[in-house]
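Beneath this line is the structure, given in structure tokens, with notes to follow.
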Amino acid sequence: MKKNLILTLLATLSATALFATGSPPVGSAAPNVSVTDSKGKTHSLSEYKGKYVVLEWFNPDCPFVKKHYGSGNMQKLQQEFTAKGVVWLTIDSSAPGTEGNLTPEQANKTVADWKAHSTAFLLDADGQAGRAYGAKNTPHMFVVNPKGKVIYEGAIDSKATPNPADIPSSTNYVKAALDESMAGKPVSTPSSRPYGCSVKYGR
Amino acid sequence: MRAVGKLALLSCGMLLWASQPAHAQTYQDRELVQAQILANANAVVPGKPFTVGLLLRMALGWHTYWKFPGDAGIPTEVKWQLPAGWKIGELRWPIPLKLKEPGDIEIYGYHDEVLLTQEITPPLRIAGRSVKLSAEASWLVCEKICIPGGAALQLNLPVAESNAPANTELFARFDRLLPQTLPAANSARWTRAGPNLQLTLTGSNLATGPTIDFFPLPDSKVVAGHPVVESRERGKIVFRVPIETNDAKISSLDGVIVYGGAPDRHAWFISARAREGNSVAPTAPETSAAEILRFLFLGLIGGLILNLMPCVLPVISLKIFGFVQQAGQSRRRILRSGLAFTAGIFAWFIGLAILLIVLKSAGHQITWAFQFTNPYFVLAMSAVVLVFALNLFGVFEIALPQRANSRLLGWSTREGDAGSFFQGVFATILATPCTAPYLGTALGFAFTQSNLLLLLMFVAIAAGMSAPYLLLCAEPRWLRFLPKPGPWMAHVKQLMGFFLFATLIFLLSVLGAERGLEAVVWTSCFLLALSVACWIKGTWITPLAAPRSRVIALVAILLLLGVSTFYFVGAKFGASRVSVSEASNSNGWQSFSPARLESELDQGHAVFIDFTAAWCITCKFNETTVLESDAVRAAFHQRGVVKLRADWTNADPEITKMLKQFGRPGVPLYVLYPAGRTAEPIVFPELLTKSVVLDKLESAAPHVAAQ
């Protein structure tokens with residue numbers, strides 16, 4: 001019995017450690033990245049240990065991003081959880097010359113126009129943070145718990161469409177992960193296939 | 001120039017298909033996509049199926065997506081609003097292009113134009129002279145940015161008694177791009193290796209030249225990484241697909257194999273479902289009658305060989321001994337005794353088969369010799385062997401009720417049929433742990449088949465095991481070649497008792513491996529009490545003893561057995577714990593675990609696994625004579641092969657799973673994983689020889705030797 005338990009544990013641990021490509025697997029330590037925000041302040045993930053952190057990959061020209069901002073869905077989520085002490089980092093990894101690449105001024109204007117409520121808007125034009133997380137889509141969501149472990153990775157919700165009309169009938173995985181984890185429960189959907197536009201990395 | 005040509009083509013197309021209204025998606029005054037629904041017939045004939053297609057024509061540089069879009073995007077959708085009675089088939093997707101974007105993003109989609117077709121079946125009666133079929137199409141079109149598009153489209157067709165093909169060139173062009181079923185000359189199978197799935201495609205038609213690729217079609221819950229060609233040689237290609245979803249149960253994927261370059265591309269559809277459960281052992285679900293017969297024959301041979309197994313020898317020699325005595329008797333009596341013995345063998349095997357079928361239906365992992373992994377079974381066996389041995393030494397006689405002169409295990413009396421029957425059962429029970437060389441393969445096959453076949457396989461083994469006795473009974477003249485009966489038989493009888501003591505030592509060693517030294521000590525205490533009980537019976541419960549002393553003796557026996565069973569077995573033996581033996585992991589052997597195997601393979605090591613158990617004599621024999629021999633040990637060492645030992649003494653479920661993967665119901669099993677996952681694991685025969693091991697090592701891990 002005990003032997004089986006140890007074997008299972010070993011198998012789980014090694015399976016986790018073997019995912020070298022793609023996104024950091026759920027349960028592993030969130031990669032520590034340092035990115036400058038639209039106001040010139042540098043944010044390191046390590047400084048948010050002890051708090052929940054949401055990472056949201058963003059591109060203002062992407063219809064899937066527009067789906068969640070146009071409907072107010074994303075802002076509502078940001079408002080709800082930043083009020084609960086969650087650090088919400090919106091990250092734009094579009095390379096210079098590609099769609100969605102923003103100057104700090106444009107970024108601040110977008111945040112103001114779109115009434116975004118994230119903690120900071122990070123400009124990751126060199127794609128360093130995006131690549132560290134294997135972010136492939138906008139929006140691509142990650143939730144990190146106060147211990148610095150990834151507890152959710154994937155899509156924002158269960159319906160992979162650009163249609164805002166689908167939002168009310170879909171399950172929001174980010175909200176579910178945060179609610180469950182804050183209530184001390186295991187996250188019922190710890191990962192999903194992300195959907196959206198591709199992140200516009202530089203070559 | 002090209003743009004002008006394209007425009008000309010577009011307007012030309014518009015003219016050709018002017019009968020069906022087209023929809024254009026524009027973005028910042030640019031036309032991105034033209035969408036249209038078309039049919040491959042010029043009229044609808046009631047009840048006659050035809051094909052409809054959504055034609056999307058994309059502006060230069062823009063693409064729409066395949067059924068599985070890859071790392072980004074979403075697939076095109078078509079929703080039909082059909083009148084009652086109409087039926088629509090599944091959307092058929094032509095082979096897409098694999099498009100790469102910076103940041104290691106791969107997507108599957110279509111440039112220029114694509115026709116997504118569906119079969120549509122009209123009802124047998126259609127009112128009116130024409131039909132108007134409506135569909136809503138939605139898509140995502142991307143260049144550098146993505147724009148969702150959609151259109152409500154219509155197809156207007158007259159209703160007629162006959163029709164002619166329409167849009168033939170267009171439909172034919174995209175039909176050629178639909179994935180085909182895998183040719184019969186090829187086989188594909190999935191294996192799971194840690195976080196990766198491997199697809200091995202074989203077939204003599206696979207040249208090394210043209211480009212080949214695998215496009216996955218994972219279901220929506222599965223996140224699949226980018227497939228790569230792991231290895232390629234003439235006739236064999238291995239693809240690796242990383243699975244990022246943390247679910248070890250994912251053992252296969254749907255997908256297509258894309259072969260050749262544009263414009264002459266072909267694709268084969270690989271179904272996950274059709275190949276499931278076929279992960280390592282390539283046993284096809286449909287088995288030919290010839291193959292079944294071949295395996296039943298192997299079962300027969302295996303049964304025959306069981307007679308020679310070391311653990312069966314005492315009982316078998318006693319049976320032969322019985323024949324010696326019978327030599328002078330009537331042919332009928334000999335035949336009866338032989339049939340009873342055979343019936344015993346059959347009864348045990350059929351009983352075992354039925355038990356296995358019941359366990360299998362209850363969803364248990366079933367295995368050959370599984371009963372030996374139960375310590376109480378081994379304990380009971382030890383008791384039976386001891387009592388039998390004491391009987392042979394003459395400590396006591398066993399009397400069956402109402403037949404005082406017929407001994408349970410006697411073979412010389414007239415009513416020896418029951419004795420012969422139990423001898424058959426007994427011989428077979430003892431044979432179980434000695435999986436004969438052919439038996440493993442035959443049973444491995446049977447366990448993957450239907451219950452009826454499993455039963456047939458056990459019947460075949462029983463027939464093989466009892467064949468010699470049946471032959472001797474049927475032709476008693478051959479008994480002449482055996483020596484004549486005489487006083488020497490009493491001595492041989494006692495000698496056989498010592499053989500049984502040797503068997504007892506083996507059983508106790510099994511218990512020791514399963515439950516540790518303490519369990520062996522308590523079992524021995526119980527056996528001692530049992531011996532005393534047998535002695536009391538032999539001395540005081542005799543036909544000549546006074547009734548009073550017989551009663552006292554009986555009470556003493558019952559008391560002795562009751563107390564010793566309760567205390568030694570119930571309390572002490574029951575409390576002993578499963579022991580984790582580390583002693584066997586000397587001489588460079590290390591404990592096997594699936595995780596350990598994965599990590600060694602990841603480090604590029606070749607790995608040899610010895611699947612063994614304390615009660616498996618064949619395993620012990622192989623280990624002592626081959627695996628621990630100097631030559632083999634040196635060869636393993638030189639080639640840097642990691643040696644893992646999978647100890648199945650206590651039926652570790654992880655090991656059971658591995659055994660099943662290789663289509664084996666039990667131990668022994670020897671597997672060599674070549675270094676760097678370059679090839680399939682190599683399975684060794686069940687009876688090892690030094691030359692077999694050295695040859696296979698040479699062929700599997702030659703390059704390691706150079707390091």
For the stretch A:75-85, check the following and say yes or no: at least one residue is part of a loop (DSSP other than H, G, I, E, B) and polar (S, T, N, Q). no
For B:ALA267, all conditions in the list (1) modelled with pLDDT of 80 or more; (2) touching a His at 6+ places or on another chain (Cβ under 7 Å) hold save one; what is the number of the exception? (2)
Single condition B:GLU161 does not satisfy, out of (1) more than 30 Å from A:ASP61 (Cα to Cα); (2) part of a loop (DSSP other than H, G, I, E, B); (3) touching a strand residue (DSSP E or B) at 6+ places or on another chain (Cβ under 9 Å): (3)
Which fully enclosed helices (runs of 4 or more DSSP H) of the stretch A:100-203 have 3 or more residues being surrounded by fewer than 16 Cβ atoms within 10 Å (Cβ to Cβ), out of contact with any strand residue (DSSP E or B) (no Cβ under 6 Å at 6 or more places or on another chain) and at the interface with chain B (Cβ under 10 Å from one of its Cβ atoms)? none
Quick check on B:ALA646: is it of a type outside the set (S, T, N, Q) and either in contact with a His (Cβ under 8 Å, 6 or more places away or on another chain) or more than 14 Å from chain A (Cβ to nearest Cβ) (or both)? no
Here the residues within the stretch B:541-552 that are closer than 21 Å to B:PHE388 by Cβ and either part of a helix (DSSP H, G or I) or among the aliphatic types (A, V, I, L, M) (or both) are B:ILE541
Scan the stretch B:451-463 and give yes if some residue there is β-branched (Val, Ile, Thr), at pLDDT 80 or above and crowded, with 17+ Cβ neighbours inside 10 Å, otherwise no. yes
Of the numbered conditions (1) within 23 Å of B:ILE107 (Cβ to Cβ); (2) among the charged types (D, E, K, R); (3) away from chain A (no Cβ under 14 Å), B:ARG240 fails exactly one; give the number of that condition. (3)
Find all pairs meeting these conditions: Cβ atoms under 8 angstrom apart; at least six residues apart or on different chains; first residue within the stretch B:220-236 and in contact (Cβ under 8 Å) with a residue 24 or more places away in the chain and within 10 Å of chain A (Cβ to nearest Cβ); second residue assigned to a loop (DSSP other than H, G, I, E, B) and among the aliphatic types (A, V, I, L, M). B:VAL222/B:ILE250; B:VAL222/B:LEU253; B:ALA224/B:LEU253
Tell me yes or no: at least one residue of the stretch B:89-98 is surrounded by 14 or more Cβ atoms within 10 Å (Cβ to Cβ) and more than 18 Å from B:PRO179 (Cβ to Cβ). no
Being assigned to a loop (DSSP other than H, G, I, E, B), in contact (Cβ under 8 Å) with a residue 60 or more places away in the chain and of a type outside the set (Phe, Trp, Tyr), is that true of even one residue in the stretch B:656-664? yes
Restricting attention to the stretch B:104-137, the residues that are within 14 Å of chain A (Cβ to nearest Cβ) and either of a type in the set (Phe, Trp, Tyr) or within 43 Å of the chain's Cα centre (by Cα) (or both) number exactly 6
Does B:ALA556 satisfy the criteria of being exposed (fewer than 13 other Cβ atoms within 10 Å of the Cβ) and over 20 Å from B:VAL385 (Cα atoms)? no
Determine which single condition B:LEU140 fails, assuming it passes every other condition in (1) among the aliphatic types (A, V, I, L, M); (2) closer than 16 Å to B:PHE214 by Cα; (3) within 14 Å of chain A (Cβ to nearest Cβ). (2)
Restricting to the stretch A:45-97, and then to whatever is surrounded by 20 or more Cβ atoms within 10 Å (Cβ to Cβ), over 13 Å from the mean Cα position of the chain (by Cα) and farther than 22 Å from A:ASN163 by Cα, can you tell me which residue is nearest to the other protein chains (Cβ to nearest Cβ)? A:ALA95
Looking at the stretch B:588-596, is at least one residue away from every other protein chain (no Cβ under 14 Å) and within 40 Å of the chain's Cα centre (by Cα)? yes
Taking the stretch B:596-618 only, how many residues are at pLDDT 80 or above and part of a helix (DSSP H, G or I)? 7
Residue by residue through the stretch B:147-171, note down the ones that are within 14 Å of chain A (Cβ to nearest Cβ) and either surrounded by fewer than 15 Cβ atoms within 10 Å (Cβ to Cβ) or touching a helix residue (DSSP H, G or I) at 6+ places or on another chain (Cβ under 6 Å) (or both). B:PRO148
Scan the stretch B:565-579 and give yes if some residue there is at pLDDT 85 or above and either within 14 Å of chain A (Cβ to nearest Cβ) or not in a helix (DSSP H, G or I) (or both), otherwise no. no
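The values are calculated or read from the model by the stated rules, or taken from the named source; none is laboratory data. None of the values given here were measured: they were computed from a predicted structure. Neighbour counts run over all protein chains shown; Cβ positions are idealised from the backbone, glycine included.
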